[in-house]
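Below: one structure, written as structure tokens.
The values are calculated or read from the model by the stated rules, or taken from the named source; none is laboratory data. These numbers were taken from a predicted model, which means no experiment stands behind them. Note that we place each Cβ from the backbone using ideal geometry, even for glycine, and neighbour counts take in every protein chain shown. Ligands, DNA and RNA are excluded from the accessible area calculation, which covers all protein heavy atoms including side chains. Shrake-Rupley method; radii C 1.70, N 1.55, O 1.52, S 1.80 Å.
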Amino acid sequence: DAIAELANVDENRRKWLYSAFDELLTSLQLLDDLTDWEEDFEIGNMTFPLTIAAERNRYFFGNTSRARFDKKTAILELINTGAIEETLRMAITHLKRTLEKFDADATGRTSCCSAYVRALIKDGQNVLVTIGKARLTIKRAMMIARNQTGIAHNNNQMEINHTIQIVKRSLHIVAQSS
């Protein structure tokens, strides 16, 4: 408020700024939760994606002995429960709301911000497609792996590991964008 007063910003403009940047900051926090999920998981910080996964798989996340579960198992749960996709969709929704507010700005002062938000939305949508494909690939490979042994089982495990790496690279793209 003090900065807005010093800058001689009227009450309506101030409300608009708060609303627009609240949407933007919410989306950036969700993207941050996606990109640093490993750190949050290790320290027990239940961010939005971890909470979604926990609600959908109480056995995995409800167990108080996290030491039994490694990061590979955790990311598989984040993928399989759809928690990554839901978090990304929610971030994109907040980015679209931000963009609507920026585009409605009659002063034109937010055009550079609009370009940034458009790029984030595009990157987010591309990553969302990749994550969706990864989830299907992992579910299929896990179903097949349950019934296999030997080389076939190892091949499926390699496919799962490869798909996890694709997901991690995709989340890294989100991190670089935001």
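A few remarks follow.
- Residues that are under 30 Å from N12 (Cα atoms) and in contact with a Gly (Cβ under 8 Å, 6 or more places away or on another chain), drawn from the range 66-118: A91, I92, L95
- Output for the range 80-123, where each listed residue is more than 25 Å from D36 (Cα to Cα), open to solvent by less than 10 Å² (accessible area, probe 1.4 Å) and touching a Ser or Thr at 6+ places or on another chain (Cβ under 8 Å): F102
- Exactly one residue out of I144, I160 is modelled with pLDDT of 75 or more and in a helix (DSSP H, G or I): that is I160.
- Just so you know, in the range 1-39 the residues that are modelled with pLDDT of 75 or more and among the aliphatic types (A, V, I, L, M) include one that is farthest from the chain's Cα centre (by Cα), and it is L17.
- Across the range 164-174, the qualifying residues are those that are without any contact (Cβ under 8 Å) to a residue 60 or more places away in the chain and more than 16 Å from L30 (Cβ to Cβ), and the one among them that is nearest to the chain's Cα centre (by Cα) is R169.
- Pairing residues of the range 96-111 that are under 14 Å from L24 (Cα atoms) with residues that are open to solvent by 90 Å² or more (accessible area, probe 1.4 Å) and at pLDDT 75 or above, at Cβ distances under 7 Å and at least 6 apart in sequence or on separate chains, gives L99/R118.
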